[in-house]
Structure formats: C-alpha cells, structure tokens
Amino acid sequence: MPRDIESRRRDLQSAFSIGTEEWESLSVTAPLRELADVMVESAVGCLPVPLGVADGFIVDGQEVSIPMAIEEPSVIAAARFAARLVGRDGGFTTWATEPLMAAQVFLEGVSAQGETRLASCAPRVRETLAGPLASLERRGGGFRGIRVARLPSSTVRVDILVDVRDAMGANRLNTAAELARPALEEAGGGRVLMAILSNAAEERRAGARFVLPVDRLAVRLPEGMSAAEAARRIVAGAELAQEDTSRAVTHNKGIMNGISSLALATLNDTRAIEAAAHAWAARGGTYRGLSRYTVEGGALRGEIELPLAFATAGGSVDFHPAARASLAILGNPDARRLARIAAALGLAQNLAALLALVTSGIQQGHMRYHAARQAWRAGARGEEVRLLARELAARTAGPADAEALLQKIRERPR
Ligand code: MEV
C-alpha cells in the first residue's frame, strides 16, 4: 500500500468499482483526510455516521443536550421522548465513583512466598511509577495501590490501581504496567507473561435513577390500558431481562444504543465501554439486564449502574475536532460528569424501549423512519422526503408505488 493517503485513495478507487456517490461519501475535506491518516494506519477517508442531538435532558438539575452518533433510526427520538417524560419530575439523579482503573501484570512461576511479597510491594511500585504518573498526581489522580490474585492456571495477576482523572487511561496504564515489570519480577520471583490495562473498569462505575409518578405514563397508551397497568408491565418487562439471558441481551442492547452512540460522538473507546458493560452484566455468572424497575407509592422508579470508562481528555477525545464539538454541546463536562450523563442516557433509552414494547409495540414508532428511507430510495430529496414519507406511512405501498407517488407529488401545483 502506498504511504500517503491520496495515493492510497487513487489506487483503491481504480482497483474497485466504487460509484461516485459512494466514493464522495468517504471523502470529507482534505484536512480531515489528513487527520484520519495521522490517527490510523492505511486510512482512506472517513465514515460519516449521522450525528443527532437529544436535547432536553435534566441530569442532576442541569439541562444537557446529548450528541449521539448512530445509524439506527428512532434511537434519538426515543431518548428525547424519555428525557421529556422524566424531566417534568426532576429528571435523572446520577452518581459516579472515582475514575479508578487497573493496569495488570501477569506473572508465571510465582511461589506462595513470592505472592506474599508481591502483596506488600506497593511502595516499590509507587516509586517506580512516580515519574510517569506525576502529571496525574498533580491533577489529584495517580497511584492508588496494588491487588494480587492467583488465577486457576496458577498465574499470578497483579492489579496496579490508578486514578486516571479525565483520561480513559489506556496509554498511561499500559506504560505503568510495562514499567512495573522488573520490580514485580524481583518481588514475586517469577516471570512476566504479559502486561496490559484491564478494560473491565469495575471500579469506575456510574449510575442513574429516576422517579416518575405513574400517571405520567398516560401518554400514547393503547385504548383501555391504564397508566398503572403500563407501569406494572414495564416492571414485568424489565424483570424478563433478569431471568432470561436471550431477553437480557436485547434489553442491554437498547441501553447501549444510547451509551455507545454518546461514546462514538465523543470518540471514546466504544469497544472498551461495551465489553465492560457486558462483563458487568454477567458478573454474577449469568448475563442479566443492567437496569431495574419498581413501582412503589404510585411512582415508577428506574435505576442503572455499570462501568463507564468515559474520558474527556487524551486519546482521540480532545484530539479530533468532531469530538471536541460534541464535548462543547455537552457543556464541556469532566469525565465523571460525562459518565453520569451516559448512565442517564442509557436508562432513558431503556425506559423508552420498555414503554413502547409493553404498550403499543416498537414497530409503530419505527414505521415513520422506515417511510423516510423508502422515500429516499425512491428518489425523493429535500422537502419531497417529508411529503412522500407522510403519504407512504399512511398507506401500505411497496417501492414501485413510492416512485409513482413521488411522481404525483412532483406534478402537483406548488
Ligand atoms: C432496538 O434497537 C432496541 C430494543 O430492542 C431494546 C429492547 O428490546 O429493550 C427496542
């Protein structure tokens, strides 16, 4: 592959039959192409995933607009709907632990005495890492201790706990893990097999809850269904995700619709956040739903807590201008506030999905978005998309009908 992006692009375009529209969609501007080339190997362009804003969230008494990068229709509309539903009664209350992450060093051939020595070698490790962690210490973070565990294979795992403040911490933790190797080999008497951060982020959790008078659910309910019955059904629907793994996966996918799209909009590490969320969901040995609901004293309560290693500094987050724009929309939060907003968004997404699922069903709301895509495929552009989508949603028409309808719209006097 040629070394510079423009030659790579030329080669690629001539090697594969990529249409003009498809090619232009990857092209963005020349400076962004150059930036892409700096960010990843073998870059050929950028993928323009839609970015929307779920405004009107109240998180701990403060209004916040949440940028979401996602290809799936209806997710942002669902978030906005839940934000308004919950916002009338105070919105979401959230919390976050300190941003503690673990750099892990795995050692083979460590005796029982070596394991004991490892458990008391924190001062030595702290001293070794003083330089690399100095800037974190200045910002109130840094070394927080070590933890030792023997795994079933007999390998010993040493967790070096570091408060990473506003960073995701991967680079810093990996450097720390590698620098600590000689000190740990000396203390433990074994050999290091590998050294890397853990993405589990079990200590770096955020949560959100809301309390909603049940009567507030009396919107868009099917005829004959009371708000109390809708609330009961939400609780029962959420409980399914506690007793059935196949339902829990879909339940949590809905939660991650919100969290992952915020992670992508801010160029946080979506894979790390998702892996940690799913591991947390399975922490008891069975994969379960991440949220819980109850009805008590005429109020529906929803709650969620999970690891959320969101960063607002370092990595791509404060590097790429698009991520900086997303942070500006969010009011430039610190990492813990961003994690708390993510928890609120995940819970909002889940509430909207459950309410739709246990009342009118999910498809009703989706048809509007399906009709807009159908209109686009039929060739509608600009105002035509809305006009044709409205007509398509009102009748059961296939693609051929969509084109005929579009023709009729175009022939109408303006
Ligand atoms: C769709 O992207 C998400 C849902 O399937 C979530 C759920 O079933 O809870 C609607």
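The values are calculated or read from the model by the stated rules, or taken from the named source; none is laboratory data. Here the structure is a predicted model, which means the values were calculated and not measured. With ideal geometry, Cβ positions are generated from the backbone for all residues, glycine too; neighbour counts draw on all protein chains shown. For accessibility, only protein heavy atoms count, side chains too; no ligands or nucleic acids. Shrake-Rupley method; radii C 1.70, N 1.55, O 1.52, S 1.80 Å.
Observations on the model:
- Scanning region 125-137 for residues being touching a Leu at 6+ places or on another chain (Cβ under 9 Å) and of a type in the set (D, E, K, R) gives a total of 1.
- Verdict on Ala313 being in contact (Cβ under 8 Å) with a residue 60 or more places away in the chain, over 30 Å from Leu392 (Cβ atoms), hydrophobic (A, V, I, L, M, F, W, C) and in contact with a Lys or Arg (Cβ under 8 Å, 6 or more places away or on another chain): yes
- Counting only residues that are closer than 27 Å to Gly361 by Cβ and either assigned to a helix (DSSP H, G or I) or among the small types (Gly, Ala, Ser) (or both), region 43-68 holds 3 of them.
- Of everything in region 33-49 that is surrounded by fewer than 16 Cβ atoms within 10 Å (Cβ to Cβ) and either in contact with a helix residue (DSSP H, G or I) (Cβ under 9 Å, 6 or more places away or on another chain) or among the β-branched types (Val, Ile, Thr) (or both), the residue that is nearest to Ser14 (Cα to Cα) is Ser42.
- Subset of region 156-191 that is over 25 Å from the mean Cα position of the chain (by Cα) and assigned to a loop (DSSP other than H, G, I, E, B) - its residue that is surrounded by the fewest Cβ atoms within 10 Å (Cβ to Cβ): Gly189
- Failed item, numbered, when Leu212 is tested on (1) in the same structural domain as Arg88 (by TED's automatic domain parsing); (2) open to solvent by 10 Å² or more (accessible area, probe 1.4 Å): (2)
- Residue within region 328-342 that is within 23 Å of Gly237 (Cβ to Cβ) and among the polar types (S, T, N, Q) present: no
- Among the criteria (1) more than 26 Å from the chain's Cα centre (by Cα); (2) open to solvent by 40 Å² or more (accessible area, probe 1.4 Å), the one Ser7 does not fulfil is (2).
- Residue in region 174-187 that is in contact with an Asp or Glu (Cβ under 8 Å, 6 or more places away or on another chain) and over 30 Å from Trp95 (Cβ atoms) present: no
- Test: residue in region 355-373 that is more than 16 Å from the ligand (Cβ to nearest atom) and under 30 Å from Ala402 (Cα atoms): yes
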